[in-house]
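Working notes, beginning with the structure itself.
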Amino acid sequence: VQATWMGSTTLPCTYTPSEGFTQQTLTWSVERDHSTSTIFRRDDSGDHVLLSRFRDRVSVPKHSPGDTSLLIENLEIPDSGHYTCQVIWRSENNSLITKEVTTTVKVIKVQPPCQSRVTQSRLHRA
């Protein structure tokens, strides 16, 4: 996923809810520079943003069964990295099932077209 600096992006993570399976935990983590950090965790006690630099910038839908996509707002260049969504379900016989999906995010700076036009007109005057 290529995302724009100071913009927002949604990292997809969806599944089809199945009868007899209950979502236990949802974890979003990011790997950058060979280290992995947990950003977001949803469990019985609620939603928790665990990395302070993502506080007030990330959210996961609450009322859409099967949609655990991560919305990141006000993207910063250091937000580039490999994001992993991990969902753990408990079945009726108490066994645990884990699935995960990883999305690579590259945050890029894009010059708005109006700024480049101003620069060009200055060059012509000079």
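Condition first: assigned to a strand (DSSP E or B) and either open to solvent by less than 70 Å² (accessible area, probe 1.4 Å) or modelled with pLDDT of 95 or more (or both). Can you find one or more residues in the range 107-116 that meet it? Reasoning before the result, please.
Taking the range 107-116 as the starting set, the residues that turn out to be assigned to a strand (DSSP E or B) are 107-108.
Right, trim to either open to solvent by less than 70 Å² (accessible area, probe 1.4 Å) or modelled with pLDDT of 95 or more (or both) and you get 107-108.
Within the range 107-116 (the criterion being assigned to a strand (DSSP E or B) and either open to solvent by less than 70 Å² (accessible area, probe 1.4 Å) or modelled with pLDDT of 95 or more (or both)), the answer is yes, since at least one residue qualifies.
S8 - would you say it is over 16 Å from I88 (Cβ atoms) and open to solvent by 40 Å² or more (accessible area, probe 1.4 Å)?
For S8, the condition - over 16 Å from I88 (Cβ atoms) and open to solvent by 40 Å² or more (accessible area, probe 1.4 Å) - is met.
Which members of the range 17-31 meet the condition of being among the charged types (D, E, K, R) and either modelled with pLDDT under 95 or touching an Asp or Glu at 6+ places or on another chain (Cβ under 7 Å) (or both)?
E19
Within the range 18-35, which residues are over 27 Å from S91 (Cβ atoms) and either of a type outside the set (D, E, K, R) or assigned to a strand (DSSP E or B) (or both)?
Scanning the range 18-35 gives V30, E31, R32, H34, S35.
Restricting to the range 22-44, and then to whatever is open to solvent by less than 90 Å² (accessible area, probe 1.4 Å) and hydroxyl-bearing (S, T, Y), can you tell me which residue is farthest from T68 (Cα to Cα)?
S35
For the range 46-95, what are the residues that are open to solvent by 40 Å² or more (accessible area, probe 1.4 Å), farther than 20 Å from T14 by Cβ and part of a strand (DSSP E or B)?
The one that is open to solvent by 40 Å² or more (accessible area, probe 1.4 Å), farther than 20 Å from T14 by Cβ and part of a strand (DSSP E or B): H48.
The values are calculated or read from the model by the stated rules, or taken from the named source; none is laboratory data. The structure presented is a predicted model; accordingly, all values stated were derived computationally and were not measured. Don't worry about glycine lacking a Cβ; one is built from the backbone with ideal geometry, like all the others, and counts go over all protein chains shown. Just the protein is used for accessible areas: all its heavy atoms, side chains included, with ligands, DNA and RNA removed. Shrake-Rupley method; radii C 1.70, N 1.55, O 1.52, S 1.80 Å.
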